[in-house]
Amino acid sequence: MKELVKQLVETYGPAGQEGRVRALIEGIIRPYVDASRVDALGNLIALKRGSGGGKRLMIAAHMDEIGVVVTHIDKKGFARFGRVGGVQVQTMVGGRVLFGNGAVGVIGWEKWLQSRGVPAWEELFIDVGATSPDDSPVRVGDVGAFLRPFVDLGKRLVSKAMDDRIGCAVVIQALMEMKESPNDVYFVFTAQEELGTRGAVVSAFGVEPEVGIAVDVTHIGDTPEARPMAVSLGKGPAIKVMDAGMVVNPAVKQWMIDVAEKEGIPYQLEVLEFGGTDARSIQLSKAGVPAGCLSIPCRYVHSPSEMVDYEDVQGAVKLLRKLLESSPSFSS
Ligand code: CO
Ligand code: ZN
């Protein structure tokens, strides 16, 4: 599965530019699904029909990653930029970005060596190797993603865009491994989550699920001086209880807990005091949908080096597969 993760995380796909990730996923899942389509926002929606008697499930993982967008190019050819999603300023200086056309830039800071503080956004620029706007390989509106290779530390995996390609990998792996299921399962690889779960909003209306589950990363509390939180790397996938965007439907939460306990899959309960996922938008679609979230604990979320634990990832695959194969007995 590590090769699948590496392929997914190293593919370029900032919010709104999901085409390459979508094409990659489409190719991988084609033999395993009955039908698939791409909607107007660029969500990939694939259906695997069940044997009957189950529910219409929507499983969502977002394809997009955070990035930067060129706002103007100054006289000396330095690209000035804005953010695409929740990029953290303290992760920027000295980093590299890759644009859709293959151009690469280095992020510089006007006050490099002059200040020990944290940069202001307007003091940052991208050096794409140009000397004027005329020889710049990028133009206004071009979008860049962090450039950082996948690293396998054995037990732990590190890359840019673990948020949420690791979720995509978990969903794909569960789809490939799942046995017969009573449920019609819609596997939705969403667009523009990092800009406010926009893809999930419209795809949930398109699918009209009876139950929805998002698969996404969550934060942890196990690094030095971390904001306290009862989620650690290596203690299993997390079952979300609540975040800033939703209270998980209690029956969905209990279904997830029951299946994890029945299958002997270690899990953690997650209360995240900020943030949100596609599950919120599924829950709030149409007249409301019972929704939950399967979270993969992740360190350094929204940095170019997001870290997950491989056993947590494998636990998430197993839990998702067992959920898909089971019959949610509660009424929606
Ligand atoms: Co994110
Ligand atoms: Zn995410």
Quiz item: Name the pairs: first residue in segment 219-239 and in the same structural domain as residue 320 (by TED's automatic domain parsing) and over 13 Å from residue 300 (Cα atoms), second residue aromatic (Phe, Trp, Tyr) and at pLDDT 95 or above, Cβ to Cβ under 8 Å, at least 6 apart or on different chains?
Solution: 236/267; 237/267; 238/267; 239/267
Quiz item: Would it be correct to say that residue 68 is surrounded by 21 or more Cβ atoms within 10 Å (Cβ to Cβ) and touching a Lys or Arg at 6+ places or on another chain (Cβ under 6 Å)?
Solution: no
Quiz item: Are any of the residues in segment 144-158 under 23 Å from residue 38 (Cβ atoms) and without any contact (Cβ under 8 Å) to a residue 24 or more places away in the chain?
Solution: no
Quiz item: Just to be sure, is residue 222 touching a strand residue (DSSP E or B) at 6+ places or on another chain (Cβ under 9 Å) and crowded, with 24+ Cβ neighbours inside 10 Å?
Solution: no
Self-check item: Residue list for segment 18-54, restricted to those being closer than 25 Å to residue 182 by Cα, open to solvent by less than 30 Å² (accessible area, probe 1.4 Å) and of a type outside the set (Gly, Ala, Ser)
Solution: 25, 29, 33, 43, 44, 45, 47
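Kindly indicate the residue of segment 130-161 that is basic (Lys, Arg) and either within 16 Å of ligand 1 (Cβ to nearest atom) or under 24 Å from the mean Cα position of the chain (by Cα) (or both) and also surrounded by the most Cβ atoms within 10 Å (Cβ to Cβ) among those meeting that condition.
160
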Quiz item: Name the pairs: first residue in segment 264-289 and outside the structural domain of residue 315 (by TED's automatic domain parsing), second residue open to solvent by less than 20 Å² (accessible area, probe 1.4 Å) and at pLDDT 95 or above, Cβ to Cβ under 9 Å, at least 6 apart or on different chains?
Solution: none
Practice problem: Residue by residue through segment 226-248, note down the ones that are crowded, with 16+ Cβ neighbours inside 10 Å and over 11 Å from residue 295 (Cβ atoms). | Solution: 229, 232, 233, 234, 235, 245, 246
Quiz prompt | Count of residues meeting criterion [open to solvent by less than 10 Å² (accessible area, probe 1.4 Å), of a type in the set (Lys, Arg) and away from ligand 1 (no atom under 15 Å from the Cβ)] in segment 162-218 | solution = 0
Quiz item: Do we find a residue being of a type in the set (Phe, Trp, Tyr) and either assigned by TED's automatic domain parsing to the domain that holds residue 305 or surrounded by 20 or more Cβ atoms within 10 Å (Cβ to Cβ) (or both) anywhere in segment 100-111?
Solution: no
Exercise. Report yes if some residue within segment 248-265 is under 22 Å from residue 85 (Cα atoms) and of a type in the set (A, V, I, L, M); otherwise report no.
Key: no
Self-check item: Residue list for segment 179-212, restricted to those being among the aliphatic types (A, V, I, L, M) and either within 21 Å of residue 306 (Cβ to Cβ) or within 11 Å of ligand 2 (Cβ to nearest atom) (or both)
Solution: 191, 195, 200
Practice problem: Might you let me know whether segment 44-62 holds any residue that is modelled with pLDDT of 95 or more, more than 20 Å from residue 205 (Cα to Cα) and within 14 Å of the chain's Cα centre (by Cα)? | Solution: no
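The values are calculated or read from the model by the stated rules, or taken from the named source; none is laboratory data. Fair warning: this is a prediction, and the values are worked out from it, not measured in the lab. All Cβ positions, glycine included, derive from the backbone under ideal geometry; neighbour counts span all protein chains shown. Surface accessibility is based on the protein's heavy atoms, side chains included, excluding ligands, DNA and RNA. Shrake-Rupley method; radii C 1.70, N 1.55, O 1.52, S 1.80 Å.
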